[in-house]
Amino acid sequence: MGRKLFVLLVILMSLSLIGIIFVQIYFINNTLDNEGKQFTLNVKRSLSNVSKQVEDKELRLFSDKYQEMLNSGKNPDTTNIKGILLYSYDNVSNETTIYQNGILEESFKVPSLFFDIGGLDSLNISRISNQKEIKVFKKSTFDNHENQLHITPERSVMQYNTLDDMEKKMFEITYRDLFKNYPIYKRVSSADIATFLSKQFKENGIDIDFEFAIYDKDLATKVQSNNFELDPATTYGIPMFLDNDNEGDFKLYVNFPERRKFLWSSILTMTVLSIVFTLIIILAYTNAIYQIIKQRKISQIKTDFINNMTHEFKTPIATINLALDAMKNPKMINDREKTERYLKMIKDENKRMHAQVENVLRISKLERNELNIDKDRVKLHDLINDAVSHVELIVENRQGYIKCHLTADKSSVLANKTHFTNVLVNILDNAIKYSDDAPKIDVITENVGNNIILKIADQGNGMSKQVQKKVFEKFYREHTGNVHNVKGHGLGLAYVKQMVEDHQGHVSVESEKGKGSTFIIKLPLIS
């Protein structure tokens, strides 16, 4: 995959992910707004029902007392009758029909205390009823007894009923006019309002704490809860006790201290799932990008590794070919000294290639946990001396030095002698290879707590901060163009890190370009 195509794909994937996140945020906000609108609708519906229930309750109480007064048998103070009287004659049946329809209004004057209304001495209460009567007479009978009141009709039908609809309407009008200026705390109690509101809210799915109050012309009344505060932004209100002109001074307010929490709780599950799935997508996307970048780096490193390995093998293969060609020369057949020299050269180069292949296989086995490492109690100082003996001739040959400052009082560790010696040799070998001048190496040990600290410091070329972060990665080598002035293929320090960690230790490096490097190994002591 080309670099431009890779960058384009990353940009498109990132934009898609950002778009998904914004869509999720918009969806959650939109859902929250809809829940808020539904909440407002349910609250207003509940308040409207409560207002009607309070008015109906008051009207019902007033009506019951009115009916109680009528049923007491009190005679009306005044009576007024308005009616219609019709006569009709049928020639065929020889019958006279008399139709009478009248409205009876009875007025009662009662003390105002009967209805518990202050400020008035007495009230005038009216009852209106309707009376209909139909009488049928034979013609001869009606003529002979026209002026007598005891005439018995052939058929008589009488209907008597109260004017329900009209009476109810007049009653409501009277009730509203009568109680218009009556103190609100005498008309309804805080307990009744709280009960009605609680019931209505639960029926509409609003099961949270609330505060309420009834205001009279924007002034608070005694009918309110303890902690009510009028906040135009969060308070809902509806008129109460409207008069006959649909106007009123009273208004019922209610607010919800935990309204926002309640709204969020209604979409909490959906919001949490949305956030979780979005985070999963983000993590998966981030990991995918990381893996792609990592694979690109590994591909580049492997390419460099193959180039380095090819370069490393070219020299021994060429040396072996030259030695073989020289041995084929007839003049060399009888020259035993040169023959042995070339044979030794072939053997050494073959051994060198075998060591390089073995190093690659050893790292691969370590990563797959297939390398069996038996650990025994050993003295780290003994391993250090053994490793130094492997390279001190090379150092002396380059007019350098290795100085050991083994000041740790305790050096017993649990380690594999062979592999850990190879670890130390690898670090010392790097110190030698990456010193352009005579190698100057100091090996230091010290005890810190229950651990032993080993430092291998050189005064060689050193490393930049960027190289230090990657120096323990497999196949990594600092780029020096096409110049292969240092033998190797980037596996030595990767092997060091794997092996130290397998010994429950830790390895790190401190370095400065041009001033040298210090490798630090920390291992746990055993008693």
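The values are calculated or read from the model by the stated rules, or taken from the named source; none is laboratory data. Note that the structure is a prediction, hence the values are computed from the model and not measured. All Cβ positions, even for glycine, are placed from backbone atoms using ideal geometry, and neighbour counts span all protein chains on display. Remember, those area values only see protein heavy atoms, side chains included, never the ligands or the DNA or RNA. Shrake-Rupley method; radii C 1.70, N 1.55, O 1.52, S 1.80 Å.
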Q: Tell me which of these Y495 doesn't satisfy, since it passes every other one: (1) assigned to a helix (DSSP H, G or I); (2) at pLDDT 80 or above.
A: (2)
Q: Taking Q295 as meeting all but one of (1) touching a residue at least 24 places away in the same chain (Cβ under 8 Å); (2) assigned to a helix (DSSP H, G or I), write down the number of the exception.
A: (1)
Q: Could you list all residues from the range 201-228 that are part of a loop (DSSP other than H, G, I, E, B) and in contact with a strand residue (DSSP E or B) (Cβ under 7 Å, 6 or more places away or on another chain)?
A: F210, S225, N227, F228
(Q) Of all residues being of a type in the set (S, T, Y) and open to solvent by 40 Å² or more (accessible area, probe 1.4 Å) in the range 392-416, which is nearest to the chain's Cα centre (by Cα)? Just the residue, please. (A) T407
Q) Can you tell me how many residues in the range 443-471 are within 11 Å of G516 (Cα to Cα) and crowded, with 16+ Cβ neighbours inside 10 Å? A) 8
Q) Of the numbered conditions (1) over 37 Å from the mean Cα position of the chain (by Cα); (2) closer than 23 Å to F196 by Cα; (3) not aromatic (F, W, Y), D245 satisfies every one except a single condition; which is it? A) (2)
Q. Which of the residues that make up the range 360-387 are assigned to a helix (DSSP H, G or I), at pLDDT 90 or above and open to solvent by less than 60 Å² (accessible area, probe 1.4 Å)?
A. L380, H381, L383, I384
(Q) Can you find a residue that is under 26 Å from I394 (Cα atoms), basic (K, R), in a helix (DSSP H, G or I) and open to solvent by 30 Å² or more (accessible area, probe 1.4 Å) anywhere in the range 434-442? (A) no
Q | Residue under evaluation N287, criteria (1) exposed (fewer than 14 other Cβ atoms within 10 Å of the Cβ); (2) within 25 Å of Q504 (Cβ to Cβ); (3) of a type outside the set (A, V, I, L, M, F, W, C); (4) modelled with pLDDT of 80 or more, criterion not met | A | (2)
Q | Top-ranked residue in the range 290-323 [being open to solvent by less than 50 Å² (accessible area, probe 1.4 Å) and charged (D, E, K, R); ranked as modelled with the lowest pLDDT] | A | E312
